[in-house]
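The values are calculated or read from the model by the stated rules, or taken from the named source; none is laboratory data. Please read all numbers here as calculations on a predicted model, not as lab measurements. Positions of Cβ are generated from backbone atoms using ideal geometry, with glycine treated the same way; all protein chains shown enter the neighbour counts.
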Amino acid sequence: MLKYLIEKEFKQIIRNKFLPKMIIVFPVIVLLVLPFAANFEIKNINLSILDNSHSTYSLRLINKVVSSGYFRTTNISDNYSDALKSVELDKSDIILEIPAGFEKEIINDKITKVMISANTVNGTKGGLGSAYLSGIIYDFSNEIKNKIAVTGKRPDLNFEIVTQYRHNPNLKYSNFMVPALMVMMLGIICGFLPALNIVNEKENGTIEQMNVTPVKKFQFILSKLIPYWVIGFIVLNNTFLIAWLVYDLTPAGSLLTIYTIASVFVLSYSGFGLVISNYAKTIQQAMFMMFFFQITFILISGLYTPINSMPQWAQFISQFSPLKYLIISMRSVYLKGSNLSQLLTPFISLIGFAVFFNTWAVISYRKKGN
Amino acid sequence: MQVIEAENLTKRFGKFTAVDSISFDVKEGEIFGFLGANGAGKTTAMRMLCGLIKPTSGQGIVAGYDIKKQSENVKANIGYMSQRFSIYEDLKVWENLRLFAGIYGIPNRKINDRIDELLKRLGFESEKDTLVKSLPLGWKQKLAFLVAIVHEPKVVFLDEPTGGVDPASRRQFWELIYEATDRGITVFVTTHYMEEAEYCNRVSIMVDGRIEAMDSPRNLKNKFEAESMDEVFHKLARKSTRTGD
């Protein structure tokens, strides 16, 4: 019985003029565009410099800041209101103000202050920019401290912090984003399509002809699930190919690990889509519900923002996003080369989701109305 | 032998009683017409008998199974053709027949023969590979009928099967119905075309959720001193207090 139902689903999908193209084209576009567009690397921060000291030390600091490569000097002012104006005109993002007594204070008091004012309308740029700037100034103060210490009586204890970025040594943003975007596409395709499937049969009235047959509920749900499982594999393979061709990115670990975990993910996510489809009465309702959950699941999955930097309650919610577990696994396999035994927690969580959602989908499919 | 037995079958939606304690029997091989104005409760009664909705109260036995407790067994032994066209428009004619033949458990090796036989009966062999959506409505309805009887059910329920088509197509459709009864399939059909009522062995007329009259067309005409079923219907339907949908 199942054979005929699956046959029918595939015929319907393939005969649809639009869906097969979408399934191929969407991941390609997303993977080609988003790693560049959704790039959180901050460069070219526009800096307004207000140097009241005009001294050797202040010039050295400015040189150091500019040569860091993160900043672009767009304005050099004599007074704060001019500097502020350039921020208001959106010419500068950050003002670095060096006080008049800068050099004197360094030599005499060994302590001085500079002021960083950041435009945080774009919070990321302002925040990261002032963090970079503080880092450079901190570095600078260490240099001077050492220098004075050498010329002075006793050398200060000197710590050197060397940061080593492991697994993604060049901090290439695409290496981090591409595996996660693959998951996003898998989620969108294997979530939306089933969510629209059963409700489409409701709108066309064909579900009635099905409900009056002795078809078993789990067989009907399974016949809806299996085609999206196959489609999931196609999407996954396409994204592997793009990652390799465009970003020269191949998994450090084994593809088999990814296939194993992703196949369970697709089952869980398609099951979730089917649950929505069972409750919705119209395609519009299903679309609206799925869109809400899809966006929420993506935003709390850690795709764009690290889960660790979310507040506690948001971290708690993120556990309910199936996307989170595949994103973690995908990044680990791609960048660290993790194997299945190291990813048991996300794998088992996804199995849990798959069982939960599909059981729910079978129960919530009603062959008999009230 | 009775193929359908309904006893005080009732369906309420909130305070509204769509079907109000109806009782009737349908004998094997009969064509039983279920008549009534729009909103009289015909479709609701039929959906209860098919196991698509639960009765609020009352009993029903269809093809030997209880519609409340054994609705899946009922479904295996009946065919159903919905008022709204409900077979897959994006599948071809033979694909629809194959799908439902498969679901009803006809063995794979017999399916192709069965499809050919049904299409031949319909004079439809040339359209075997046509997508259903490109068929005219009259042909779609005939195909829906074939889908409903693909597994040779004991009884087939037809809900306004000829709505919206010309008299010639309607006549052809009734020829299919007669052919099905010749092979022992009982037919339960709702309609509001009164000339179709004349084709039935027995009819029941529903008004406001209740069965107001039930007999053969000839007896009903005698009883109501009417020339035609149309007149009988008008005499009864005048009692209605419900507005149609």
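Among the candidates A:ILE111, A:ILE95, which residue alone is at pLDDT 85 or above and either surrounded by fewer than 19 Cβ atoms within 10 Å (Cβ to Cβ) or in contact with a strand residue (DSSP E or B) (Cβ under 6 Å, 6 or more places away or on another chain) (or both)?
A:ILE95
Do the conditions hold for A:LEU59, that is, is it assigned to a helix (DSSP H, G or I), away from chain B (no Cβ under 14 Å) and more than 37 Å from the chain's Cα centre (by Cα)?
So A:LEU59 passes the test.
Sort through B:GLU95, B:GLU72 and tell me the only one that's in contact with a Pro (Cβ under 6 Å, 6 or more places away or on another chain), more than 18 Å from B:ALA180 (Cα to Cα) and facing chain A (nearest Cβ under 7 Å).
B:GLU72
Can you name the condition, by its number, that B:MET46 falls short on among (1) within 7 Å of another protein chain (Cβ to nearest Cβ); (2) crowded, with 22+ Cβ neighbours inside 10 Å; (3) touching an Asp or Glu at 6+ places or on another chain (Cβ under 8 Å)?
Condition not satisfied by B:MET46: (1).
Any chance you could count how many residues in the stretch B:188-245 are of a type in the set (Lys, Arg) and either crowded, with 18+ Cβ neighbours inside 10 Å or modelled with pLDDT of 85 or more (or both)?
The total comes to 6.
Kindly indicate which of A:LEU34, A:LEU47 is outside any helix (DSSP H, G or I) and farther than 18 Å from B:GLU95 by Cα.
A:LEU47
Do we find a residue being touching a residue at least 12 places away in the same chain (Cβ under 8 Å), assigned to a loop (DSSP other than H, G, I, E, B) and over 27 Å from A:TYR304 (Cα atoms) anywhere in the stretch A:124-143?
The answer is no; no qualifying residue exists.
Can you report the number of residues in the stretch B:77-88 which are within 7 Å of chain A (Cβ to nearest Cβ) and either free of Cβ contacts under 8 Å to residues at least 40 places away in the same chain or surrounded by fewer than 18 Cβ atoms within 10 Å (Cβ to Cβ) (or both)?
Selection size over the stretch B:77-88: 1.
Here are some residues: A:PHE288, A:PHE292, A:PHE272. Which one is among the hydrophobic types (A, V, I, L, M, F, W, C), in a helix (DSSP H, G or I) and crowded, with 16+ Cβ neighbours inside 10 Å?
Just a single option satisfies the conditions, and that option is A:PHE272.
Which one of the conditions (1) in a helix (DSSP H, G or I); (2) surrounded by fewer than 18 Cβ atoms within 10 Å (Cβ to Cβ); (3) within 14 Å of chain B (Cβ to nearest Cβ) does A:LYS17 fail to meet, given that it meets all the rest?
Only one criterion in (1) in a helix (DSSP H, G or I); (2) surrounded by fewer than 18 Cβ atoms within 10 Å (Cβ to Cβ); (3) within 14 Å of chain B (Cβ to nearest Cβ) is unmet by A:LYS17, namely (1).
Answer yes or no: is there a residue in the stretch B:107-114 that is surrounded by 17 or more Cβ atoms within 10 Å (Cβ to Cβ), at the interface with another protein chain (Cβ under 10 Å from one of its Cβ atoms) and either out of contact with any Ser or Thr (no Cβ under 7 Å at 6 or more places or on another chain) or within 19 Å of B:ASN73 (Cα to Cα) (or both).
The answer is yes; a qualifying residue exists.
Looking at the stretch B:57-67, which of its residues are without any contact (Cβ under 8 Å) to a residue 24 or more places away in the chain and buried (at least 17 other Cβ atoms within 10 Å of the Cβ)?
Correct list: B:TYR65, B:ILE67.
Output the residue which, of all residues in the stretch B:124-154 that are within 12 Å of chain A (Cβ to nearest Cβ) and among the β-branched types (Val, Ile, Thr), is surrounded by the fewest Cβ atoms within 10 Å (Cβ to Cβ).
That would be B:VAL132.
Go over the candidates A:LYS367, A:LYS336, A:LYS324 one by one and state the one that is touching a residue at least 12 places away in the same chain (Cβ under 8 Å), within 14 Å of another protein chain (Cβ to nearest Cβ) and surrounded by 14 or more Cβ atoms within 10 Å (Cβ to Cβ).
Residue meeting the stated conditions: A:LYS367.
For the stretch A:102-142, enumerate the residues that are more than 17 Å from A:LYS64 (Cα to Cα), out of contact with any Asp or Glu (no Cβ under 9 Å at 6 or more places or on another chain) and among the small types (Gly, Ala, Ser).
Scanning the stretch A:102-142 gives A:GLY123, A:GLY127.
Go through the stretch A:205-239 and count every residue that is crowded, with 19+ Cβ neighbours inside 10 Å, more than 10 Å from chain B (Cβ to nearest Cβ) and not hydroxyl-bearing (Ser, Thr, Tyr).
Within the stretch A:205-239, residues that are crowded, with 19+ Cβ neighbours inside 10 Å, more than 10 Å from chain B (Cβ to nearest Cβ) and not hydroxyl-bearing (Ser, Thr, Tyr) number 9.
If you check A:ASN278 against the conditions, is it modelled with pLDDT under 95 and assigned to a helix (DSSP H, G or I)?
Judged against the criteria, A:ASN278 is not a match.
Is it the case that the stretch A:247-258 has a residue that's of a type in the set (D, E, K, R) and either more than 28 Å from the chain's Cα centre (by Cα) or assigned to a helix (DSSP H, G or I) (or both)?
For the stretch A:247-258, residues of a type in the set (D, E, K, R) and either more than 28 Å from the chain's Cα centre (by Cα) or assigned to a helix (DSSP H, G or I) (or both): absent.
Picking from B:PHE100, B:PHE34, which residue would you name as being more than 14 Å from chain A (Cβ to nearest Cβ) and touching a helix residue (DSSP H, G or I) at 6+ places or on another chain (Cβ under 7 Å)?
One residue alone meets the criteria, B:PHE34.
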